[in-house]
Amino acid sequence: MTEPTTNGVVPAVKATQVHKAFGSLHVLKGVDMTVMPGSVTVILGPSGSGKSTFLRLINQLETLTGGEIDVDGEMIGYKYVDKDGKQVLQTLNDKEVAEQRSKLGMVFQRFNLFPHMTALENVMEAPVHVKHMDKKEARKLAIEELNRVGMGDRLDHYPAQLSGGQQQRVAIARALAMKPEIMLFDEPTSALDPELVGEVLNVMLSLAKEGMTMVVVTHEIGFAREVADQIVFMDGGVVVEQGGPEIIDNPQEPRFKDFLQHVL
Ligand code: ADP
Ligand code: MG
């Protein structure tokens, strides 16, 4: 089940020939991607290219149509079992799915905070109700995570009393409170007014500097150039070009060149 790379490090995420279809709509057509622990991967690509679907597959919000995704060396969604000397494909049970998912934190374009709960209560919610942490401990943890995203002075504010950028930082704190090994970001700044984008990107930058493993779908090319270890350009459900951040300034594939001309 575990497939270490040649240098002995197990990838945080390894996707192999990932396919996803919604009925007759073939959205992902054989995506390969390797994310090393402590690295930042930025996925770029036009709308409809399958970026969100790919992140949702990693987090098991969708099921695979074909191929394989391993998180931390463990196959997600499916596993092979030995049965009478044969390898048989079997889906993971709910507990195993939950275990794998607990390694991942996800931040969406829309912050999805609970409107009737304060920032502090939003961040405490999952540690208390999913991890059954006692309230005092969860409160301490939530305050730490809110401080980490620069929201320590807004503990008792409700989402409606916060700007979009502040809400998104609370959403990041909420994901961090579950102590994920990998953070997935799906266009975290796309719904924000331009003047609020920077504060969210700064939080993401500091997370990257702390060594968090991150997979980020974004159109923020400046962030990609500055923070990414790996750039993956997707179009039409396949990876068209991938490499270090230098490929942004020296794209090879015509589709990637064209995309960059439109976003820069
Ligand atoms: P991106 O995030 O790159 O914009 P998506 O992964 O959201 O792309 O979508 C890729 C394609 O898959 C789009 O054509 C979209 O309409 C389709 N799609 C996404 N989710 C579903 C779904 N649950 N059912 C049917 N089609 C879907
Ligand atoms: Mg998307």
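The values are calculated or read from the model by the stated rules, or taken from the named source; none is laboratory data. Bear in mind that the values here come from a model prediction, so they are computed numbers and not experimental data. As a convention, Cβ positions derive from the backbone with ideal geometry for all residues, glycine included, and neighbour counts pool all protein chains shown.
Can you tell me which residues in the stretch 208-237 are away from ligand 2 (no atom under 16 Å from the Cβ), part of a strand (DSSP E or B) and farther than 17 Å from VAL263 by Cβ?
THR213, MET214, GLN230
Residues in the stretch 1-26 that are aliphatic (A, V, I, L, M) and closer than 24 Å to GLY105 by Cβ were compared, and the one that is modelled with the lowest pLDDT is MET1.
Only one of these is within 12 Å of the chain's Cα centre (by Cα) and at pLDDT 95 or above: MET178, MET214. Name it. Steps first, please.
Values: MET178 fails: within 12 Å of the chain's Cα centre (by Cα).
Being within 12 Å of the chain's Cα centre (by Cα) and at pLDDT 95 or above holds for just one of MET178, MET214, which is MET214.
None of LEU146, LEU201, LEU205 is part of a helix (DSSP H, G or I), away from ligand 1 (no atom under 16 Å from the Cβ), surrounded by 23 or more Cβ atoms within 10 Å (Cβ to Cβ) and not basic (Lys, Arg) except LEU146.
Which residue is modelled with the lowest pLDDT, if the candidates are limited to the stretch 92-140 and must be surrounded by 20 or more Cβ atoms within 10 Å (Cβ to Cβ) and part of a helix (DSSP H, G or I)? This residue is GLN100.
Suppose we keep only residues that are farther than 25 Å from VAL227 by Cβ and more than 16 Å from ligand 1 (Cβ to nearest atom) within the stretch 10-60. Which one would you say is surrounded by the fewest Cβ atoms within 10 Å (Cβ to Cβ)? Filtering first and then ranking leaves GLN17.
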